[in-house]
Structure formats: structure tokens, C-alpha cells
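Before any comments, here is the structure.
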């Protein structure tokens, strides 16, 4: 179902402060910056900072697995016992994201590129 972990998003409250920390950690300035998302691509792995993450229920870094069909993936995971944390939604440019929670409360993100 998943073809690999594509992205890890960190919920942050102070985007500018977090940007400085992750720039130092990753050793390079962000590849893209907006008021609602700052991101890096390190060796094909996307690392993102989301200043709205806490308001959307994120309490920790969230891994996003790349899938071909997000609706099918959500249905398969729910059939296997997961619960939907966030229904699939378009986050811009046709990119879809969703998240599910396993029986232990671990949240996993799903991402479908356009």
C-alpha cells in the first residue's frame, strides 16, 4: 500500500524560532517557506514545520507515508482496525493528506501526490 515514508511534519508554535533550530540541525536553509509551512528536502526526505499543527490536533511529529490512492488506503486501514484522525483533504496543488490512529493511539499520516 505505502511506497515509503515521504514527510515528517513537526507542529510548532513559534515558526521563526523553530526554523532557526531546524536550519542548524539540518545544516541548510529551508527549501520552501510560507507563513503556514516551512520545509526542507534532505536526501529525498521532506521535513516540515507546521505552525497550525497544534490547532489541528498534532501533539508530536507526524510521519506521512506516500500512497497511490489515499481513500483506498484509509479504507484498508480502518478495515484493519485503525480509526480516522483526519479525513483526506487537499493541502494545495492537488496534494492530499489524511491521518489514522492505531489501537494504541499512535497517529500515522498518509499523503497522495497529484
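Report, in degrees rounded to the nearest 10, the 0 to 90 angle that the Cα long axis of helix 70-79 makes with the longest principal axis of the chain. With both axes taken from Cα atoms, the answer is about 60 degrees.
The C-alpha radius of gyration of the chain, expressed as a fraction of 2.2 N^0.38 Å, stands at 1.07. For segment 2-112, the relative contact order works out to 27 percent when only alpha carbon pairs closer than 8 Å and six or more residues apart are counted. As a proxy for reagent exposure, ranking 42, 9 by other Cβ atoms within 10 Å from fewest up yields 42, 9.
Where a number appears in this text, it was derived from the coordinates with a stated rule and is not lab data. The shown structure was predicted, so the numbers you read here are calculated from the model rather than taken from an experiment. All Cβ positions, glycine included, derive from the backbone under ideal geometry; neighbour counts span all protein chains shown.
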